[in-house]
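K.L.:
I am attaching a structure below and will ask some questions about it afterwards.
Read-outs throughout are calculated quantities, based only on the coordinates presented, and are distinct from any laboratory measurement. For clarity, every value in this text was computed on a predicted model and none was experimentally measured. Every residue, glycine as well, gets a Cβ built from its backbone with ideal geometry; the counts of neighbours run over all protein chains shown.
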Amino acid sequence: MGKMIMVQRGDALLVVPEDTKLMEGDVVLENPNDSRDVWERMYDAAKKEYHPEDVSPFFQAHHVVAAVESAKTGRIYTGFCIEGASGVMNLCAERVAALNMYISEKNMVVRRMIAFRDKPPVDGGGMPCGACREFFMQAAYENRNMEIMTDYKKRKIIILKDIIPNWWGDKRY
Ligand SMILES: [Zn+2]
C-alpha cells in the first residue's frame, strides 16, 4: 500500500492514499511528501479566497484573505473580508476565518494566523487591525500567544500580546 495523506474536506477529516484526486477546497493536513511548512499550507489555502468581487451593489468581499491554524486540532480555516454599506456585516478576513473554525469545531483558540491581499505579508505587513486584536483577546485567553505572520519570505512573526499591550480585559479570565 502506498503512503496515506490526511485531508480536510469541509467538516470531515479523511485519510486517503496519496494519489487520491483532491477536490476544490481540500486542505492537505499531513502528507509525508509535502515539504511545505505550516505557513505555506496556510498561505496556499488562504490565497484561493482572493478574488475581489461585488456581492451586491452595496457589498464587497474577498479583497483581503486570511488563514488561521486551530490550536486544538491543527486544522486550517480560511476567511475573507466582507464589507457593506449597512455597516453591520463588516468583518475582516481574520475574524471570518476564526468564525469558520468556531462553527466547525467550537473552538476559538488560534495558534497561527496569516492575512494578506494579493501577495503574502512582507516587512511588517499582515498586521491585524485594532478590532481584530480586540476580538482575538476576547475570544480566548490563550490567543495572546498567537503567532501572526508579518514577513512571509523571512518567516517573521509577531505575538498578539506584543501588539495589544496593557489589555483591559485580563481580570475576567
Ligand atoms: Zn481586522
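K.L.:
Residue 43: net charge of surrounding residues, Cβ under 13 Å, Lys/Arg +1, Asp/Glu -1, itself excluded? Walk me through the numbers before you get to the answer.
P.N.:
Working: positive: 36, 41, 47, 48, 112, 117, 119, 153, 155; negative: 37, 40, 44, 49, 69, 118, 151.
Result for the neighbourhood of residue 43: +2.
K.L.:
Student exercise: in the chain, how many lysine pairs 8 or more apart or on different chains have Cα atoms under 26 Å apart?
P.N.:
Counting lysine pairs in the chain gives 28.
K.L.:
Taking Cα atoms, how many degrees apart are the long axis of helix 130-139 and the longest axis of the chain, rounded to 10 and kept between 0 and 90?
P.N.:
Once rounded, one gets 70 degrees.
K.L.:
Once you have a ≥ b ≥ c as the square roots of the Cα gyration tensor eigenvalues for region 64-131, tell me rounded if a/c is under 1.5, and otherwise prolate or oblate according to whether a/b is larger than b/c.
P.N.:
Here region 64-131 falls in the oblate category.
K.L.:
Give, as a single signed number, the net charge of other residues whose beta carbon lies under 11 Å from the beta carbon of residue 142, with Lys and Arg counted +1 and Asp and Glu -1. It would help to have the intermediate numbers written out before the result.
P.N.:
Details: positive: 72, 111, 144, 161; negative: none.
Within the 11 Å Cβ shell, the charges total +4.
K.L.:
Report, by chain and number, residues whose modeled amide H sits under 5 Å from the one on residue 63, excluding near sequence neighbours (fewer than 5 apart, same chain).
P.N.:
The answer is 53, 81.
K.L.:
For region 89-118 and region 29-80, what is the separation of their C-alpha centers, rounded to whole Å?
P.N.:
Value for the Cα centre distance between the two parts: 9 Å.
K.L.:
Hey, another quick one. Kindly identify region 94-173 as rounded, prolate or oblate by the Cα gyration tensor criterion: order the square roots of the eigenvalues as a ≥ b ≥ c, call it rounded if a/c is under 1.5, otherwise compare a/b with b/c, prolate if a/b is larger, else oblate.
P.N.:
It is oblate, given that a/c is not under 1.5 and a/b is not larger than b/c.
K.L.:
Can you compute the radius of gyration and Dmax for the chain, using only the Cα atoms, both in Å?
P.N.:
Taking only Cα atoms of the chain, I get Rg and Dmax of 16.6, 55 Å.
K.L.:
Which Cα, out of 63, 130, 165, lies furthest along the positive dipole direction of the chain (beta carbon charges, K/R +1, D/E -1)?
P.N.:
Working it through, the farthest residue towards the positive pole turns out to be 165.
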